[in-house]
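Colleague: One structure, pasted below without further comment.
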Amino acid sequence: MQTFDLGKEGLRALNSSLHALKGQTNMTAWEVINPKGAHAIAAGVDAPVDITVRGSTGYYCAGMNKQATIRIKGSAGPGVAENMMSGTVIIDGNASQYAGATGRGGLLVIKGNASSRCGVSMKGIDIVVHGSIGHMSAFMAQSGNLVVLGDAGDALGDSLYEARLFVRGSVKSLGADCIEKEMRPEHLALLADLLKRGEADGKAKPEEFKRYGSARKLYNFNIDNASSY
Amino acid sequence: MTDLPRTPPRFSATFTPAVNAEIRRAAASGIYDIRGGGTKRHLPHFDDLLFLGASISRYPLEGYREKCATDVWLGTRFAKKPIHLDIPITIAGMSFGALSGPAKEALGRGATEAGTSTTTGDGGMTEEERGHSKTLVYQYLPSRYGMNPDDLRRADAIEVVVGQGAKPGGGGMLLGQKISDRVAMMRNLPKGIDQRSACRHPDWTGPDDLEIKIMELREITDWEKPIYVKVGGARPYYDTALAVKAGADVVVLDGMQGGTAATQDVFIEHVGMPILACIPQAVKALQDLGMHRKVQLIVSGGIRSGADVAKAMALGADAVAIGTAALIALGDNDPKWEEEYQKLGTTADAYDDWHEGRDPAGITTQDPELFKRFDPVLGGRRLKNYLKVMTLEAQTIARACGKNHLHNLEPEDLCSLTIEAAAMAGVPLAGTNWIPGRNGGF
């Protein structure tokens, strides 16, 4: 395992080393120590490697990740795994605002709670939150799946497009154009798979969740809906 | 009956026929007017400035004989690979979706032949544009449609869009009729629905966050790419200062004459400031920070000619960007399509329903039958010609002012025709040394 002391060697050296990996190496296991809340740790990685960050991270850890599996043994600051393309990011602690924002693929697992705007504008990413999520989560979410074992805050799924939202606990309020939808067998199967991949299959069962999605009433502008905006 | 003269019909200056027509349209339709382009109202503009030319106190350079250079460096502050352009006239961001693929190709062809850059837009990077544009600026927008690290790395620069002149503080809307299969796929959304572009970025708020976001983008691209920050002309002094503080290499400042693919007419006409008023404030911010020419300033919004280019640069800009003018050069609003403009209820040079996707010129459309009318090779040639003419015009003026580089133009080369322009541009009223507001507030 490659151990990288961020406190001594610095962020630029870390990301430069990680960007140099092109999937043509046997150096697939990396450990980052002393992260101390630094921003943009392991941002822009594009290789099938395992990176373990031992501690908490600042903004945009694992930003735009492709292929890599990144484990944060602490909590993550705002925008963790933003615009992720593929791969997996697993956070042992909590995640701050905008977790998984605009993510286009891959899997984001948050074992604690996520703050506001979790999954904002998500475009294909799967997000599994073991705890609860804050207000305005999945705002303008376009596609992908958001699974929440706990509760959701205000205005869940506001101005939602085609993303699927599954919440086991309570939802404080639904955002504009977001409604509860029927849970069909294919959704139960999807949830079972997401819970398993999200390391939550021992914590919850698919039947315990409710599904939320877009009513599709705001898809084309209509003045009679103006009060919904 | 009497033969006494009657008072002739008198139209209200407040309730003009155009105002009344809009009231009737709103009452009948129940929806505000959406259109493309920039403001159409009369504003203080570059036409209100004149160059003084050389005289006894300074001598001119010989046209066609003595060199007047036009090149510009962009992104020299932090980027490992700054951009070097032959001319200081760049092509502003315009989205695939708003424009057809062939139109984007033509922009790339024309700009490359003229030695300048093009800019993507709110729809991601297309092969048409990347393939034909030697220098391509990749916009990083609130919607993040099509955003991915591979395109970030194959861009030549990154432009973080905070706002634009046509609608500072506003997002965007690409109406369903322009959402073809390809546009829908690039934006991860169903075909045929209205695609809203958020007015704020989804994962940062404010200048401190922006600094961290810029750092992340630099890390992802290994500090190679120049990073621009684009703002709409609203509070240019503070926005410029904050963009510099956040780590921008280049500030792009867009006045309210700058166009948009589609937004509310009320937004276009009533929000923002004319570019003439914006440039001096942005330059002052850079000068106050000791960053003028270190962080480059690109200005846009109503640039039409080499005279406008020269005036913007004399006020302190490093380069300009054109959008609407580039579309017109390609063939937008050409009178040769007048019959079809009439069928759409408009006329050449006034057509602005770009959002409807029925552009007779085949430029602002996703209808394959319409964009077949547009030849990207010919369009590219027309754009190149136009850019060359603008450059020659700007050089002509610069030489007349005794300058051997466009960047040597200065406010002292200018005078203002109106009190308003004098106050906004910080250039004395012609025949006086009076700049309204100086020594009496900014």
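Colleague: Go through (1) assigned to a helix (DSSP H, G or I); (2) of a type outside the set (D, E, K, R); (3) more than 10 Å from chain A (Cβ to nearest Cβ); (4) under 28 Å from A:Ile41 (Cα atoms) and name the single condition B:Ala184 misses.
Modeller: Of (1) assigned to a helix (DSSP H, G or I); (2) of a type outside the set (D, E, K, R); (3) more than 10 Å from chain A (Cβ to nearest Cβ); (4) under 28 Å from A:Ile41 (Cα atoms), only one is false for B:Ala184: (4).
Colleague: Let me ask another. For the stretch B:220-240, how many residues meet the condition of being buried (at least 24 other Cβ atoms within 10 Å of the Cβ) and among the charged types (D, E, K, R)?
Modeller: 3
Colleague: Answer with yes or no whether B:Ala92 is touching a Lys or Arg at 6+ places or on another chain (Cβ under 8 Å), hydrophobic (A, V, I, L, M, F, W, C) and either closer than 23 Å to B:Leu253 by Cα or free of Cβ contacts under 8 Å to residues at least 12 places away in the same chain (or both). Working first, answer last.
Modeller: Values: touching a Lys or Arg at 6+ places or on another chain (Cβ under 8 Å): no; hydrophobic (A, V, I, L, M, F, W, C): yes; either closer than 23 Å to B:Leu253 by Cα or free of Cβ contacts under 8 Å to residues at least 12 places away in the same chain (or both): yes.
Judged against the criteria, B:Ala92 is not a match.
Colleague: Quick one: would you say B:Gly290 is more than 14 Å from chain A (Cβ to nearest Cβ) and at positive phi? Full working, then the answer.
Modeller: Working: more than 14 Å from chain A (Cβ to nearest Cβ): yes; at positive phi: yes.
So B:Gly290 fits the description; yes.
Colleague: Only one of B:Ala310, B:Ala282 is hydrophobic (A, V, I, L, M, F, W, C), part of a helix (DSSP H, G or I), touching a Ser or Thr at 6+ places or on another chain (Cβ under 6 Å) and crowded, with 24+ Cβ neighbours inside 10 Å; which? Lay out the reasoning, then the answer.
Modeller: On the way: B:Ala310 fails: touching a Ser or Thr at 6+ places or on another chain (Cβ under 6 Å).
Going through B:Ala310, B:Ala282 in turn, the sole match is B:Ala282.
Colleague: So, one more: Report yes if some residue within the stretch B:263-276 is in contact (Cβ under 8 Å) with a residue 24 or more places away in the chain, part of a loop (DSSP other than H, G, I, E, B) and out of contact with any Lys or Arg (no Cβ under 8 Å at 6 or more places or on another chain); otherwise report no. Outline the logic, then answer.
Modeller: Residues of the stretch B:263-276 that are in contact (Cβ under 8 Å) with a residue 24 or more places away in the chain, as a first pass: B:263-269, B:271-276.
Next cut, part of a loop (DSSP other than H, G, I, E, B) only: B:271-274.
Restricting the remaining residues to those that are out of contact with any Lys or Arg (no Cβ under 8 Å at 6 or more places or on another chain) gives B:273-274.
Yes; the residues of the stretch B:263-276 include at least one that is in contact (Cβ under 8 Å) with a residue 24 or more places away in the chain, part of a loop (DSSP other than H, G, I, E, B) and out of contact with any Lys or Arg (no Cβ under 8 Å at 6 or more places or on another chain).
Colleague: How do the pairs read when you match residues in the stretch B:307-323 that are on the phi > 0 side of the Ramachandran plot with residues anywhere that are charged (D, E, K, R) and surrounded by 24 or more Cβ atoms within 10 Å (Cβ to Cβ), using Cβ under 7 Å and keeping only pairs 6 or more apart or on different chains?
Modeller: Hits for this filter: zero, empty list.
Colleague: Right, something else. Any residue in the stretch B:187-199 that is within 30 Å of B:Val320 (Cβ to Cβ), within 11 Å of chain A (Cβ to nearest Cβ), in a loop (DSSP other than H, G, I, E, B) and in contact (Cβ under 8 Å) with a residue 40 or more places away in the chain?
Modeller: Yes, the stretch B:187-199 has at least one match.
Colleague: Considering each of A:Asp224, A:Asp154, A:Asp193 in turn, give the residue that is within 30 Å of B:Ala28 (Cα to Cα) and of a type outside the set (Phe, Trp, Tyr).
Modeller: Values: A:Asp154 fails: within 30 Å of B:Ala28 (Cα to Cα); A:Asp193 fails: within 30 Å of B:Ala28 (Cα to Cα).
On inspection, the qualifying residue turns out to be A:Asp224.
Colleague: Tally the residues that are part of a loop (DSSP other than H, G, I, E, B) and either among the aliphatic types (A, V, I, L, M) or more than 14 Å from every other protein chain (Cβ to nearest Cβ) (or both), restricting the search to the stretch A:49-102.
Modeller: The first filter runs over the stretch A:49-102 and keeps only residues part of a loop (DSSP other than H, G, I, E, B), leaving A:49, A:55-56, A:58-65, A:67-68, A:73-75, A:77-87, A:92-94, A:96-102.
From what's left, either among the aliphatic types (A, V, I, L, M) or more than 14 Å from every other protein chain (Cβ to nearest Cβ) (or both): A:49, A:55-56, A:62, A:64, A:68, A:73-75, A:80-81, A:84-85, A:92-94, A:99, A:101.
Matching residues across the stretch A:49-102 total 18.
Colleague: While we're on this one: Taking only the stretch B:182-238 into account, find how many residues are aliphatic (A, V, I, L, M) and in contact with a strand residue (DSSP E or B) (Cβ under 9 Å, 6 or more places away or on another chain).
Modeller: Kept after step one, since they are aliphatic (A, V, I, L, M), are these residues of the stretch B:182-238: B:183-186, B:189, B:193, B:198, B:210, B:212, B:214-215, B:217, B:220, B:227, B:229, B:231, B:234.
Within this subset, residues satisfying the condition of being in contact with a strand residue (DSSP E or B) (Cβ under 9 Å, 6 or more places away or on another chain) are B:183-184, B:186, B:189, B:198, B:210, B:214, B:217, B:227, B:229, B:231.
The qualifying residues number 11.
Colleague: For B:Gly101, work out the one condition from (1) touching a helix residue (DSSP H, G or I) at 6+ places or on another chain (Cβ under 8 Å); (2) within 14 Å of another protein chain (Cβ to nearest Cβ); (3) at pLDDT below 95 it doesn't fulfil.
Modeller: Result: B:Gly101 fails condition (2) only.
Colleague: While we're looking at this one, here's another question. For the stretch B:309-361, which residues satisfy the criterion of being more than 30 Å from B:Pro411 (Cβ to Cβ) and hydrophobic (A, V, I, L, M, F, W, C)? Quick ask: steps written out before the conclusion?
Modeller: Going residue by residue through the stretch B:309-361, those that are more than 30 Å from B:Pro411 (Cβ to Cβ) are B:327, B:330-361.
If the condition is that a residue be more than 30 Å from B:Pro411 (Cβ to Cβ) and hydrophobic (A, V, I, L, M, F, W, C), then B:Leu327, B:Leu330, B:Trp337, B:Leu344, B:Ala348, B:Ala350, B:Trp354, B:Ala361 are the ones that fit.
Colleague: Before we move on, is A:Asn15 free of Cβ contacts under 8 Å to residues at least 12 places away in the same chain and more than 15 Å from A:Ser96 (Cβ to Cβ)?
Modeller: Details: free of Cβ contacts under 8 Å to residues at least 12 places away in the same chain: no; more than 15 Å from A:Ser96 (Cβ to Cβ): yes.
Criteria not met by A:Asn15.
Colleague: Go through the residues of the stretch A:5-15 one by one and say whether even a single one is among the basic types (Lys, Arg), within 9 Å of chain B (Cβ to nearest Cβ), under 16 Å from B:Ile220 (Cα atoms) and not in a strand (DSSP E or B). Before you say what the answer is, go through the steps one by one.
Modeller: We begin by selecting, within the stretch A:5-15, every residue among the basic types (Lys, Arg); these are A:8, A:12.
Now restrict to residues that are within 9 Å of chain B (Cβ to nearest Cβ): A:12.
Adding the requirement that they be under 16 Å from B:Ile220 (Cα atoms) leaves A:12.
After this cut, where a residue has to be not in a strand (DSSP E or B) as well, the list is A:12.
Yes.
Colleague: For the stretch B:121-150, enumerate the residues that are of a type in the set (Ser, Thr, Tyr) and more than 28 Å from B:Leu392 (Cβ to Cβ). Break it down stepwise before answering.
Modeller: So the first thing to find is which residues in the stretch B:121-150 are of a type in the set (Ser, Thr, Tyr), and the list is B:126, B:133, B:135, B:138, B:140, B:143, B:145.
Hits for the stretch B:121-150 are B:Thr126, B:Tyr138, B:Tyr140, B:Ser143, B:Tyr145.
Colleague: Same structure, new question: Considering the stretch A:133-172 alone, what residues qualify as being among the hydroxyl-bearing types (Ser, Thr, Tyr) and either surrounded by 22 or more Cβ atoms within 10 Å (Cβ to Cβ) or out of contact with any Leu (no Cβ under 9 Å at 6 or more places or on another chain) (or both)? Explain how you work it out, then say what you get.
Modeller: Let us first name the residues in the stretch A:133-172 that are among the hydroxyl-bearing types (Ser, Thr, Tyr), namely A:137, A:143, A:159, A:161, A:170.
Residues satisfying the conditions are A:Ser137, A:Tyr161, A:Ser170.
Colleague: Also, quick follow-up: For A:Trp30, all conditions in the list (1) facing chain B (nearest Cβ under 9 Å); (2) crowded, with 19+ Cβ neighbours inside 10 Å hold save one; what is the number of the exception?
Modeller: Only one criterion is unmet by A:Trp30, namely (1).
Colleague: Inside the stretch B:167-176, can you point out the residues that are in a strand (DSSP E or B) and either touching a helix residue (DSSP H, G or I) at 6+ places or on another chain (Cβ under 9 Å) or away from every other protein chain (no Cβ under 14 Å) (or both)?
Modeller: Taking the stretch B:167-176 as the starting set, the residues that turn out to be in a strand (DSSP E or B) are B:172-174.
B:Met173, B:Leu174, listed by residue number.
Colleague: Okay, moving on. What is the one condition in (1) within 23 Å of the chain's Cα centre (by Cα); (2) surrounded by fewer than 16 Cβ atoms within 10 Å (Cβ to Cβ); (3) part of a loop (DSSP other than H, G, I, E, B) that B:Thr432 does not satisfy?
Modeller: B:Thr432 satisfies all of (1) within 23 Å of the chain's Cα centre (by Cα); (2) surrounded by fewer than 16 Cβ atoms within 10 Å (Cβ to Cβ); (3) part of a loop (DSSP other than H, G, I, E, B) except (1).
Colleague: So, in the stretch B:209-262, of the ones that are β-branched (Val, Ile, Thr) and outside any helix (DSSP H, G or I), which residue ends up nearest to the other protein chains (Cβ to nearest Cβ)?
Modeller: Kept after step one, since they are β-branched (Val, Ile, Thr), are these residues of the stretch B:209-262: B:212, B:214, B:220-221, B:227, B:229, B:231, B:240, B:244, B:250-252, B:260.
Of the ones still in play, those that are also outside any helix (DSSP H, G or I) are B:221, B:227, B:229, B:231, B:250-252, B:260.
Details: B:Thr221: 7, B:Ile227: 14, B:Val229: 17, B:Val231: 21, B:Val250: 21, B:Val251: 22, B:Val252: 22, B:Thr260: 16 Å.
Among residues in the stretch B:209-262 that are β-branched (Val, Ile, Thr) and outside any helix (DSSP H, G or I), the one nearest to the other protein chains (Cβ to nearest Cβ) is B:Thr221.
Colleague: Still on this model: Among the strands (runs of 3 or more DSSP E) lying completely within the stretch A:114-226, list those that include at least 1 residues that are in contact (Cβ under 8 Å) with a residue 12 or more places away in the chain, within 14 Å of another protein chain (Cβ to nearest Cβ) and at positive phi. Before the answer, list the steps.
Modeller: Numbers: elements: A:123-129, A:143-148, A:164-167, A:178-181, A:210-214.
Counting at least 1 such residues, we get A:123-129, A:143-148.
The values are calculated or read from the model by the stated rules, or taken from the named source; none is laboratory data. Keep in mind the model is a prediction, meaning the values are calculated, not measured. Here the Cβ is made from the backbone with ideal geometry for all residues, glycine too, and neighbour counts use every protein chain on show.
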